[in-house]
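**Q** Here it is: the structure, laid out below.
Laboratory data are not the source of any read-out in this text; all were calculated from the coordinates shown. Since the model is a prediction, treat every value here as computed from it, not as a measurement. Note: ideal-geometry Cβ built from the backbone for every residue, glycine included; neighbour counts use all protein chains shown.
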Amino acid sequence: MHDTTQSYQDFLASKRHVDPPTGFEVDPVSLSPHLFDFQRHVTAWAIQRGRAAVFADCGLGKTLIQLQWAQSVHKHTQGNVLIFAPLAVAKQTAREGDKFGFQVNVCRKQGDVKSGINVTNYEMMQHFDPSQFVALVADESSILKGVDAKTRLRITEFAQTIPFRLACTATPAPNDTQEVINHSEFLGIMNSKEVLALFFTQDFTATSHKWRLKGHARKAFWTWLASWARAFRKPSDLGFDDDGFNLPALHVHHEQTETNPYHYGSLFPVEAEGIKAQREARRASLDDRVKLCADLVNNSDEQWIVWCELNSESDAITKAIPGAVNVQGSDSMEFKEKWLLAFAAGELRVLVSKGKIAGWGMNFQSCHNVAFLGLGNSWEMYYQTIRRCWRFGQEHEVHVHVITADTDGPIIRNIKRKEAEASTMFTEIVNNTADDQRVEAKREEAPYEERIAEGKGWELWLGDSVETIDHIETESVGLIVYSPPFVGMYTFTNSPRDIGNTRDIQELIGHYRYLIAPDKMFRIIKPGRSCCVHLCQGIAFKGVDGYSGLKDFRGEVIRAHEDAGWIYYGEVCIEKNPQLRALRSKDRGLLFKTLASDSSHARMGLADYVLQFRKPGDNHEPIKAGMADHLTATDGGNSAGWITNQEWIEWASPVWWMYSKEHPDGIRESDTLSTEHARDTEDEKHLCALQLSVIERCVKLWSNPGDIVYDPFTGIGSTGVQALRLGRKFVGGELKESYFKVAAKYLKAEEQAQPQMNLFSGAL
């Protein structure tokens, strides 16, 4: 139930995810003498910042930085600090602590915690109470992108009440939307919807829908990122000397086996395209790749690490190399830690494992021979596994042997492409963050202002409709038509006033209730008249929500209106094309391959709805929409929006059909206003423009010529344009300035296109 005692301004304040300074100043000279000057600089900044990210390449001392950060916070607050680390890295961190004079307690549950610095594995998180810690470190924080959504959400939730937070990783990908969101949410800078609204836009194609940085938001994005992150690949990136931090040479040897083409029913080897074909090619070439790799390792007496992706690969190569130890996912945690630490100490000659098990955080610089028994498509995993050995402090040149089949060309090209992109991205983040020394991360909220644009028969308010609606006279509106922000789909601004800028469906509906309340939208509409709400059900995404399914947005909207005094009077379902949606969204429930592989995940496409709510009371101005009552009209009967009997037969159906041969007057999905000729160069396209024919039907059915039609989410002006075309007046509200400008242009153009009628002789 809506909290009616909370003022609207208090509610907006509760939505602001402000990032207050939590740090404190320290004298860099007072920090550990083991720190190099650049490490001391970054550590002092992170302590002063309170919640920060350190993106430092492998071997630049992230462990020492985070231990000093943790020690300083503990001394300042007398509270306990917890470090989350990947498997086996916890004990390695404790060893590093001993080396540099920091006491680090390795623990597996809350009862093991001691005063000061504590470290555990990510897998142990559920055994700890976040309220017992003043600081939290996420070591190798980029690993959060690789865990499942539920685990990532739990880690972020665990951190929410902890005032001091530090995230450390060597492989940030600032143009990877999820990477930015993971760190921003973990540190409490901004939530995912705010990040997307402020800096990103979504590009839809026939095969993908990827987020990308808005062109005009690039500078603001880097400024924002620089306020809470430091990135460097070497000390000189921060203005310090590189002495002692020069990497040894890296030699990458590509070893290739020849594939028997008869495995594929072909005369010649064919490159494997697609995941399934690539897996089949790996299995077909397994014996040859194992032999080549085993010959390399067995003809050497030095340490080697062999990286695999498939269990069949790790099992086969372990058998082919005497004394090799295979550390795999099914092993106990104790077994994994024992042999990973033994290899790090030089006590094991050959280690066989997977990147997801041993590729994060471990220091294997005692080894300078690396073999990949095949390649996967993850550049980040490839890079991280190489950097276990090729790191600052490595005393030998490092040799990496990449063993692939002649069918693996697409994978190799993919890795090389990602490697080039990653280098460019890291250069960009270094260049854009190293010079910005500000400590306080500011939540750059979209500026708020109110103003009006108006013409004959229309007026449009820029601002928050919950507040600008107060300018509209009581019971002056004949019809309300709008499409609210759909939960979980788009956020149009990062302002807390944006109803779409919410963490979940409950917060969205809580905000929405202020708009439809008795003293707001309910007040301005005439008794007996209708409010038409266009929406679709919400979708739960596994990567965001932790599960795949639906959210009952429609039901929540109905309940909210009924609580505000509206009568839930009717609804119509609008048909949608499931194949088009499958192409655009890659919705697993709609794909043919789901039907063939496991149809328990199949579900029907989502329809749109128009919900009709009426204000109680008698309608004192009957709406005579039927054309039969207007046959004597001098204009021929239909330019003012009368409805023919044939139209009513179709419109009275509980389903409004899409355009087809059977339904030539059906809804065309592309029947929307275009912004191409009207938008400013920096505007991003409106993603949810409502079909004009849907608006037309609502306006004809539930309003009279001359009535005022209201839309609190005007967008680019679709409802207003249709209202003017059909002889009505229009009042709208829009929060986003770029949409406000486009809508005003459309309304002015439509006003000028209309014949001058007595209808518009007076002001609104």
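**Q** Quick check on packing: order 232-241, 453-462, 82-91 by the mean number of other C-beta atoms within 10 Å, highest mean leading.
**A** 82-91, 453-462, 232-241
**Q** Using just the alpha carbons, could you tell me how many Å³ per residue the convex hull of the stretch 321-388 encloses?
**A** Normalising the Cα hull of the stretch 321-388 by residue number yields 92 Å³.
**Q** Any of Lys520/Lys729; Lys526/Lys624; Lys109/Lys193; Lys291/Lys319; Lys62/Lys109 with alpha carbons more than 22 Å apart? Name them for me.
**A** From the list (Lys520/Lys729; Lys526/Lys624; Lys109/Lys193; Lys291/Lys319; Lys62/Lys109), the Cα-Cα distance tops 22 Å for Lys109/Lys193; Lys62/Lys109.
**Q** A further question on this structure: Rank by packing, highest mean first: peptides 112-121, 249-258, with packing defined as the count of other Cβ atoms within 10 Å averaged across residues.
**A** Averaged packing, sorted descending, gives the order 112-121, 249-258.
**Q** I've got another one for you. Which of the three applies to the stretch 286-430, rounded, prolate or oblate, going by the alpha-carbon gyration tensor with a ≥ b ≥ c and a/c under 1.5 meaning rounded?
**A** Oblate, since a/c reaches 1.5 and b/c is not below a/b.
**Q** Moving to a separate point now. For the stretch 20-238, what is the Kirkwood hydrodynamic radius in Å, using each pair of distinct C-alpha atoms?
**A** Averaging 1/r across every pair of different Cα atoms and inverting gives 17.8 Å.
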